[in-house]
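Since the structure comes first, as structure tokens, the remarks are kept for the end.
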Amino acid sequence: MTIPHQPEAKCDGDPSRLPSDAGRAHPRPWLRVHEDAGPPSRPDTGDVSVSGLAGMIPSGLDGDPSRLPSDAGRAHPRPWLRVHEDAGPPSRPDTGDVSVSGLAGIKRAMVLAAGLGLRMRPLTLTRPKPLLTVAGRTLLDHGLDRLAAAGIETAVVNSHYLGEMIETHLANRSQPTIQLSPESTILETGGGVKAALPYFAGEPFLVVNADILWLDGPVPAARRLAAAWNPALMDALLLLVPVERAHGYHGPGDYHLDAEGRPQHRGNAKRAPLVFAGLHIVRPEAFAETPDGAFSARLIWDRAEATGRLYGLIHDGEWFHVGTPADLAATEQWFEAGKPLD
């Protein structure tokens, strides 16, 4: 089923002109970031300031499109960081770039729901982890709801462990349209996507982990990824969240982010400031010369990192690590405390 086109406010979120860009051509000259007076003092808000992300905010990929035309008369949530539009984009025939409004070119998503959920036992002894609930909705439905709100028309959902329960659960869902990709043998995060490539007709697509929970900022995360996506430069674009803003996450982090927006995995380092948030866009061509059968998506990302074609975008909304029964309970308590769902 095709989701009717919804007119939407323009997503300005391409702050690709940072001070370090002096002397270099601006990749999108009609969009420039101007930093005003700096953030006010806000103790323990969980937000991340521009200065606090020095060395992590990508040039051209910070993507905080929180000042939309519809915001007239409303205070800017980050008044020290504003995106100003100059003269409008030049004509760029067949560049493969995406427009800054909507999900141009990204209409399909792969939703990874085939995991075993071992760390979530005993809760996953009788149901797959994506069907566990928070705030009255399954983790799987939370993700699909946000994809539908962002304009994704089709979601390919893989399954393995207790896969018939996932199939039954999705039977009556209409938005986005669901296509199933069952796996008789678990193929992991890379092999499962590779097996489903025929569904995407050679076009870039979004990949989402079904067992995570995120809340969108002023603009849906999927829309922000699409606005930052440039297949001429990228094989994969990862959504990343600062460790200090990752609810329930106590790990060492995954990535550093340089001034150009390129992530570097922490490797043998003890810590990294950003954790992968469970959403990314990828080119089908990135799966060339990968193994048949099971393999991790890290293979794709590591190869893209080595060739300078891995990029990152910092998430501007809430994000929850829901790995164990204790994490699930803590997340439920967050919502029970009166926190808004959207």
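The values are calculated or read from the model by the stated rules, or taken from the named source; none is laboratory data. Since the model is a prediction, treat every value here as computed from it, not as a measurement. Positions of Cβ are generated from backbone atoms using ideal geometry, with glycine treated the same way; all protein chains shown enter the neighbour counts.
A compact table of results
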{"item": "A150, sole failed condition from (1) under 19 Å from G278 (Cα atoms); (2) touching a Ser or Thr at 6+ places or on another chain (Cβ under 9 Å)", "result": "(2)"}
{"item": "Every residue from region 113-130 that is surrounded by fewer than 23 Cβ atoms within 10 Å (Cβ to Cβ), in a helix (DSSP H, G or I) and touching a Leu at 6+ places or on another chain (Cβ under 8 Å)", "result": "M120, L123, T124"}
{"item": "Considering residues of region 267-299 that are touching a Pro at 6+ places or on another chain (Cβ under 7 Å) and basic (K, R) only, the residue surrounded by the most Cβ atoms within 10 Å (Cβ to Cβ)", "result": "R283"}
{"item": "Residue list for region 235-265, restricted to those being buried (at least 24 other Cβ atoms within 10 Å of the Cβ) and in contact (Cβ under 8 Å) with a residue 60 or more places away in the chain", "result": "L237, L238, L239, L240, V241, L257, G261"}
{"item": "Top-ranked residue of region 163-196 - restricted to ones that are loosely packed, with under 14 Cβ neighbours inside 10 Å and in contact (Cβ under 8 Å) with a residue 40 or more places away in the chain, ranked as nearest to the chain's Cα centre (by Cα)", "result": "S174"}
{"item": "Residues of region 197-220 that turn out to be surrounded by 23 or more Cβ atoms within 10 Å (Cβ to Cβ) and small (G, A, S), as a count", "result": "1"}
{"item": "Test result for A277, among the aliphatic types (A, V, I, L, M), closer than 30 Å to P198 by Cα and in a loop (DSSP other than H, G, I, E, B)", "result": "no"}
{"item": "Positions within region 313-328 being small (G, A, S) and over 25 Å from R224 (Cβ atoms), in sequence order", "result": "A326"}
{"item": "Restricting region 236-261 to residues that are under 15 Å from the mean Cα position of the chain (by Cα) and in a loop (DSSP other than H, G, I, E, B), the residue that is farthest from V322 (Cα to Cα)", "result": "G261"}
{"item": "Condition broken by V219, with the remaining ones in (1) in contact with a Ser or Thr (Cβ under 9 Å, 6 or more places away or on another chain); (2) within 16 Å of D141 (Cα to Cα); (3) at pLDDT below 95; (4) of a type in the set (V, I, T) satisfied", "result": "(2)"}
{"item": "Filter pass, L328 being within 21 Å of A135 (Cα to Cα) and in contact (Cβ under 8 Å) with a residue 60 or more places away in the chain", "result": "yes"}
